[in-house]
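Structure first, then comments.
The values are calculated or read from the model by the stated rules, or taken from the named source; none is laboratory data. The structure presented is a predicted model; accordingly, all values stated were derived computationally and were not measured. Here the Cβ positions follow ideal geometry from the backbone for every residue, glycine too, while neighbour counts run over all protein chains shown. Just so you know, the surface numbers come from the protein's heavy atoms only, side chains and all, with ligands and any DNA or RNA stripped out. Shrake-Rupley method; radii C 1.70, N 1.55, O 1.52, S 1.80 Å.
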Amino acid sequence: MIRPDDLWEALDALALEQGLTPSGLARAAGLDPTTFNPSRRISPQGDMRWMALPTLLRALDVLKISPADFIRRLEGAGRGQGAPTAGRIRGLPLSRLRGSGLFDSAGHPTGVLWEEVTLPCAVTGDAYAIRVDTDAMEPLLREGSSLVLMPDMPPRRSDRVLLWRSGMEPVLGILVENAFSQDNRVCAAPASVPLQNDKGEASSGSGGGIRWAVLPYQHSEQGGVVHAQGDATDSAVPVPEGKAGVWLHRIVMGTF
């Protein structure tokens, strides 16, 4: 028997496979950006809502999957093949996301320091979550927010990302394209996680002279957050090229 949460989990998994957050999928389908937010899936009585059929059909059109294929996915055909769906993943508070031994040689979370966290939606692959336990990035990232990151999803320019460097403070921000001196040369990420340009094609930091950095989220005196514009690029943190223990992971979902 198909349940409402089965439908939501299947839709979340399909969206993540294509690099779409719930709000991104809603916008692409011409819907209100909050249509697929976890908070809107629960009725006032605490029950999981059924998705309206017209809404589902518009989402499936964006995801390029037929209703028949989606039903087969819901009924179990293909489950266990490719990326599995799950509601429990590994996670850590942002303040503890430093030191060594948190990621393996492929950039996936590993070790005993990780906690198990529960999400209200499905995730795929080696996704992990971090909880923002500081108010230094408010109002954009509020204290208590949770972010879901995909180590194997290539980041693109202007994506929200996490720059993790062993033994250093993690950096949350926006991936920007910038010019630095030769002595401060940067690239996107290790070769196992290549960047993509706006057309979805792989790009290299060393081949075409493109150099990347992360513009960190910072609280401003005006109550906003520094973005990748104007003089804000002075605060950009370069992504070291070819160094072990450096990972650039794409943020695909968040509860803000």
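General observations
- Condition met for Val237 (open to solvent by 20 Å² or more (accessible area, probe 1.4 Å), β-branched (Val, Ile, Thr) and modelled with pLDDT of 80 or more): yes
- Condition met for Leu140 (aliphatic (A, V, I, L, M), surrounded by 15 or more Cβ atoms within 10 Å (Cβ to Cβ) and at pLDDT 90 or above): no
- Segment 33-53, residues that are exposed (fewer than 13 other Cβ atoms within 10 Å of the Cβ) and part of a loop (DSSP other than H, G, I, E, B): Thr34, Ser43, Pro44, Gln45, Gly46, Asp47, Ala52
- Among the residues making up segment 14-27, those that are within 24 Å of Pro151 (Cβ to Cβ) and modelled with pLDDT of 80 or more are Leu14, Ala15, Pro22, Ser23, Gly24, Leu25.
- Enumeration of residues in segment 30-64 that are among the hydrophobic types (A, V, I, L, M, F, W, C) and at pLDDT 90 or above: Leu31, Trp50, Met51, Ala52, Leu53, Leu56, Leu57, Ala59, Leu60, Val62, Leu63
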